[in-house]
Structure formats: C-alpha cells, structure tokens
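Have a look at the structure below before the remarks.
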Amino acid sequence: MDKSIRILGIAGSLRRKSYNRAALRAAQKLSPDDAELEIFELDGILVFSEDDERTPPAKVVELKKRIRAADAVLFVTPEYNYSIPGGLKNAIDWASRPHGDSAWTGKPAALMGASVGRLGTARAQYHLRQVFVLLNILAVNQPEVMIGNAAEQFDADGNLKNEETKKLIRQLLVNLVEWTRKLQKASEMANTAG
C-alpha cells in the first residue's frame, strides 16, 4: 500500500469562528483514509518585508518547514473585497522568499472557501489560482468547492451541516491525493531516467 499523503491545511481567515476555519476542520474529518490533514494557523505572522526575508521570524521558518514536509497543501480562503485576504497573501509571500528559496515550487494543492455571500469565494479562488501560476503551485481544478450562504451551512458550533458540500469536499481531497500521487510518480520516473 502507498504511504499516507500528508496534506497541510491553511485557512486564510484569522477570525477564530470563521466559516473558513470551520470548513478546514470539516475537511480534516472528511480526509480519505490514505491521507492525513494537519492544520497550520497563520495568526502571528508579521507583515512581509524584503528587509527581513533572509532572517524571517520563527513562525515563517515553521511555515516553510511544514510546507516542505507536506506532500500537498489545501488552501481555504475567504473573500475580502473581491480577492484573497491580506493575511493569506502575506504568508504566501513569506514562504516564497527569498528568491530561489520558495517552499511552494511544484507543490500539489487544492483550494476551497466559504462566504456568507452567494458566490462562495469564487473571485478570491480565481485570484489565488493566478498567484499559483507564478509560484508553480500545481492545483487540482475540480471540483470547485465554493461554500455560499455559509451562515446556513454550519451550525452554531461551526460544524458543517450540508451533506452535498461534504461530498464535494471529500471528492476534492480524493482528487488532491490522486493528483499528488501522479506528480510523485512522474518525479520519480524523471529522477530515475536522469
């Protein structure tokens, strides 16, 4: 049997009771049997400055270490002003620097998000995919998990209630695991041939 795929989950919201953090916890419970999802909290990461990129804060060092140790990453993003939140973008920037030392390069990823609006973070997810292009983050395309009307999707304790959404998250994680395994096999074949 193949080894378990290690997925690092990152929620772009810092609010303790955010729907995106709740969605990430739901994903942790819905992970396939051949995967384990651990969560990294972004709170406490300072604003990125090129002046400090060669001596990053300890939280950034830990983030980069955890990204590199993971086989794949699951991003769960809210939508702020039609885009991704500053805290998430800040963490992404830190982990990509200094030039030539990006922890993201070639990393398989999936993304999803929750919003109280009807579109369920569609615009933020598309912006995040644009960021992935430059960083060479290799995202699965489907299913798109855009949890709209989030206040109706979660109970008072932050548990996801909607069974259809649970099925989509489960499928997204299955697809991420399959995608990660394909990329790992391609890399092994290239290393063997070279």
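Panel values: the stretch 92-162, Kirkwood radius from alpha carbon pairs, Stokes-Einstein at 37 °C and 0.692 mPa s, translational diffusion coefficient 241 µm²/s. Rounded, prolate or oblate: which fits the stretch 40-194 when a ≥ b ≥ c are the square roots of the eigenvalues of the alpha-carbon gyration tensor, with rounded for a/c under 1.5 and prolate only if a/b beats b/c? It is oblate, given that a/c is not under 1.5 and a/b is not larger than b/c. The calculated 222 nm mean residue ellipticity attributable to helices in the chain amounts to -14000 deg cm²/dmol, summing -39500 (n - 2.57) over DSSP H runs of n ≥ 4 and dividing by all residues.
Here's the picture: charge each Lys and Arg Cβ at +1 and each Asp and Glu Cβ at -1 in the stretch 31-110, and of Pro85, Trp104, Leu42 the one pushed furthest to the positive end of that dipole is Trp104.
Computed from the Cβ-Cβ distance with R0 of 45 Å, the FRET efficiency linking Lys161 to Ala193 stands at 0.35. For the chain, a Gaussian network of Cα nodes joined below 10 Å ranks Glu36, Glu62, Glu163 by mean-square fluctuation, and the top entry is Glu163.
Amide H contacts under 5 Å for Gly12: Val76, Thr77, restricted to partners 5 or more places along the chain or on a different chain, H placed in the peptide plane at 1.01 Å from N.
Prolate is the label for the stretch 56-116, because the ratio a/c of its alpha-carbon gyration tensor axes (a ≥ b ≥ c) is 1.5 or higher and a/b is greater than b/c.
Think of each Lys and Arg Cβ as +1 and each Asp and Glu Cβ as -1; about the Cα centre, that makes the dipole of the stretch 104-194 roughly 280 debye. Rounded, prolate or oblate: which one fits the stretch 7-119, using the alpha carbon gyration tensor with axes a ≥ b ≥ c (rounded when a/c is under 1.5, else prolate when a/b beats b/c, else oblate)? Note, shape of the stretch 7-119 comes out oblate. DSSP bridge analysis restricted to the chain gives an antiparallel fraction near 10%, rounded to the nearest 5. The mean accessible area for residues of the chain, using a 1.4 Å probe and ignoring ligands and nucleic acids, is 53 Å² per residue.
Applying a threshold of 18 Å to the alpha-carbon distances of Lys3/Lys182; Lys29/Lys182; Lys17/Lys89; Lys59/Lys89; Lys29/Lys166; Lys107/Lys182 flags Lys29/Lys182; Lys17/Lys89 as lying beyond it.
The values are calculated or read from the model by the stated rules, or taken from the named source; none is laboratory data. Remember, it's a predicted structure, so these values are computed and weren't measured experimentally. Neighbour counts are summed over all protein chains in view; Cβ atoms, including those assigned to glycine, are modelled from backbone coordinates with ideal geometry. Accessible surface is based on the protein model in full, side chains and every heavy atom, while ligands, DNA and RNA are left aside. Shrake-Rupley method; radii C 1.70, N 1.55, O 1.52, S 1.80 Å.
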